[in-house]
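Here the structure comes first, spelled out in structure tokens, and everything after it is commentary.
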Amino acid sequence: MLVKTYCAAVNGLDVTTVTVEVSITRGFMYHLTGLGDEAVRESRDRITAALLNCGYKFPVADITVNMAPADIRKEGSGFDLPLAIAILAANGDIKADMLGDYMLMGELGLDGTLQPIRGALPISIRARAEKYKGLIVPKQNIREAAVVNQLDVYGMENLTEVIAFLNGHNNVEPTRIDTRREFYEQQSHFDLDFADVRGQESVKRALEVAAAGGHNLIMVGPPGSGKSMLAKRLPGILPPLSLSESLETTQIHSVAGKLGRNMSLISQRPFRSPHHTISQVALVGGGNNPQPGEISLAHNGVLFADELPEFNKSTLEVLRQPLEDRKITISRAKYTTEFPCSFMFVASMNPCPCGYYGDPNHTCVCTPGQIQRYMNKISGPLLDRIDIQCEIQAVPFAQLSQLQPGEPSAVIRERVIAARKIQEERYKPYKGIHCNAMMTERMIHQFAEPDEQCLNLLRMGMERLKLSARAYNRILKVARTIADLEGSEQIKSQHIAEAIGYRNLDRGDWAERGCF
């Protein structure tokens, strides 16, 4: 008897519908075809034990299993459930009438329980696109998969429940989730607030400008000055995620298996802070089974690199293209996978190996050569992609104990949202452009062209501070954002002056100055 069940293979963010075909004839051999990996080939042992512990027996017959399309590699243990159901149906233990209406995914435990899978959300989207009546997944994945409307999603705890449902003996109701209500309820709850940060007003302003324009930012300062503390509060002032951005971000985390239990949509912008020992593959993605890296997990959010010079230089260099293209293409001999990675890159670093170069309260013990070698760990092309470079000093205790609480994140966020709305309206005709940091060379001339007074100030600043040529466009982008924060249509001289102040590391005399 020939029976078919339906499931899906996830490769990157692409999902392919897989048809599991099982044919049972007289004999005693088991044949599995269709490019299944080791986990798929091991499924027979798990299925045999699961059936036995659920009161069924693995058929003693010649069983041929094909997973079509046979030229696409099937990876992971999520195919256990459709394989088991197809074998039971071919053996006559399950009615085959309803199998064509449902897509099934799930890993089987030896006692028949269903274990969670990766990629439940993109699989659910695929099931709706293919016009299936419903999707059956492990109960742990139910909230994630039920985000998709116009599709009946059933969460099952074990194989026995699935069999009873397909035989018509278990009237399980599909899970319904009010996605929009849950999404908007969780958007404004942040544990970290800028109100807790005392002092550092200039750095807070730099972070506000960065958030308003989507600019990359680096903070340079001694240990204990608050670099990490400030960076962790950045998501609290970024504009809220839209539903489409949230869906895209949630798909990436779903494929990577990073969604928590009972989690549906990601409602807040991601904040990823990888350790400096991270490898290139872990950063950009890849592997035998292509998985998104940290840059893709930070999509629509923030990637924070603490102690930037401590990262391997070759690892940092792989960031150059993703920062420019906002996507990463991973090409190997057997596959090519593309992941989105549109993120704000925020970094922090000490000014020298000991950390106290230019600090008025400590003595630096580093030689000029050591300082230069330390700074050279960050290449010019990478630094070129960082729009805002600000220096930060530790707040003295005498001031720290007297200062009043800072401005709350909610107030700063309102200004950032207002500036972003201006930019969204401005770039509406341009596909894929929604903030000032994404402006092309032509758009800079169109929307950020300085007048004669601003041009003279810019020329004087670049000559006096020995700014490199690459700083020119960055200054104009940042100046455009500062003008948007003030609601100004034209870029004014004070906007140019503030933007020039954010190019500290581009100064030709930075390493020789001896103080900030």
Gap in Å between the Cα centre of region 346-385 and the Cα centre of region 210-247? 22
Gyration tensor (Cα only) of region 1-113 to equivalent ellipsoid, semi-axes in Å sorted down, yields 20, 15, 14
Heavy-atom surface of the chain, accessible at 1.4 Å and reported per residue (Å²): 44
Cβ neighbours within 10 Å, averaged per peptide: list 380-391, 269-280 in order, most packed at the top. 380-391, 269-280
Kirkwood estimate for region 19-58, i.e. one over the average of 1/r between Cα atoms, Å: 11.7
Roughly what would the spin-label model give for Arg459 and Lys95, points 7 Å off Cα along C-beta, in nm? 8.5
Considering only protein heavy atoms and a probe of 1.4 Å, how much of the accessible area of the chain is carbon and sulfur, as a whole percent? 49
Out of Thr179, Ala347, Ser267, whose Cα points farthest toward the positive end of the dipole of the chain (charges: +1 Lys, Arg; -1 Asp, Glu; placed on Cβ)? Ala347
Based on the Cβ-Cβ distance from Asn167 to Lys428, what FRET efficiency comes out when R0 is 60 Å, to the nearest 0.05? 0.65
Ratio of the Cα radius of gyration of region 292-411 to 2.2 N^0.38 Å, where N counts its residues: 1.36
Ordering 58-71, 209-222 by per-residue average of other C-beta atoms within 10 angstrom, highest first, gives 209-222, 58-71
Treat each spin label as a single point 7 Å out from the Cα along the C-beta direction, and report the Ser242 to Ala333 distance in nm. 4.3
In region 129-200, what trypsin sites (Lys or Arg not before Pro) fall in a loop by DSSP, with at most 14 other Cβ atoms inside 10 Å? Lys131, Lys133, Arg176
Å³ per residue enclosed by the Cα convex hull of region 186-253: 120
Rounded to 10°, Cα long-axis angle of helix 471-486 versus longest principal axis of the chain: 80
I'd like the orientation of helix 43-53 relative to the chain: the angle between its Cα long axis and the longest Cα principal axis, in ° from 0 to 90, rounded to 10. 60
Can you list, largest first and rounded to whole Å, the semi-axes you get for region 72-137 by taking the square root of 5 times each eigenvalue of its Cα gyration tensor? 19, 17, 10
Relative to the longest principal axis of the chain, what angle (0 to 90°, nearest 10) does the C-alpha long axis of helix 80-90 take? 20
Using the Cα centre as the reference, give the magnitude of the dipole from point charges on the C-beta atoms of region 294-391 (Lys, Arg: +1; Asp, Glu: -1; all else neutral), rounded to the nearest 20 debye. 420
Looks like region 131-226, by Cα gyration tensor root eigenvalues a ≥ b ≥ c and the a/c under 1.5 rounded cutoff (else prolate when a/b is bigger than b/c, oblate otherwise), is prolate
Region 244-285: C-alpha gyration tensor shape, a/c 1.5 cut-off, then a/b vs b/c: prolate
For the chain, state the average projected area of the convex hull of the C-alpha atoms over all orientations, rounded to one decimal in nm². 27.5
At q = 0.11, 0.15, 0.19, 0.26 Å⁻¹, what log₁₀ I(q)/I(0) does a Debye calculation on the Cα points of region 287-354 give, no solvent, two decimals? -0.31, -0.54, -0.80, -1.22
For the cross-link pairs Lys131/Lys431; Lys131/Lys327; Lys204/Lys227, which exceed 18 Å when the distance is taken from alpha carbon to alpha carbon? Lys131/Lys431; Lys131/Lys327
What residues from region 409-445 fall in the zone where the backbone N is under 17 Å from a label point 7 Å along the Cα-to-C-beta line of Met229? 409
Of the DSSP beta bridges with both residues in the chain, give the percent that are antiparallel, rounding to the nearest 5. 50
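The values are calculated or read from the model by the stated rules, or taken from the named source; none is laboratory data. Quantities reported herein were computed from a predicted structural model and do not represent experimental measurements. For neighbour counting, all protein chains shown are included, and Cβ atoms are generated from backbone atoms with ideal geometry for every residue, glycine included. Ligands, DNA and RNA are stripped out before the accessible areas are found, and what is left, the full protein with its side chains, is counted by its heavy atoms. Shrake-Rupley method; radii C 1.70, N 1.55, O 1.52, S 1.80 Å.
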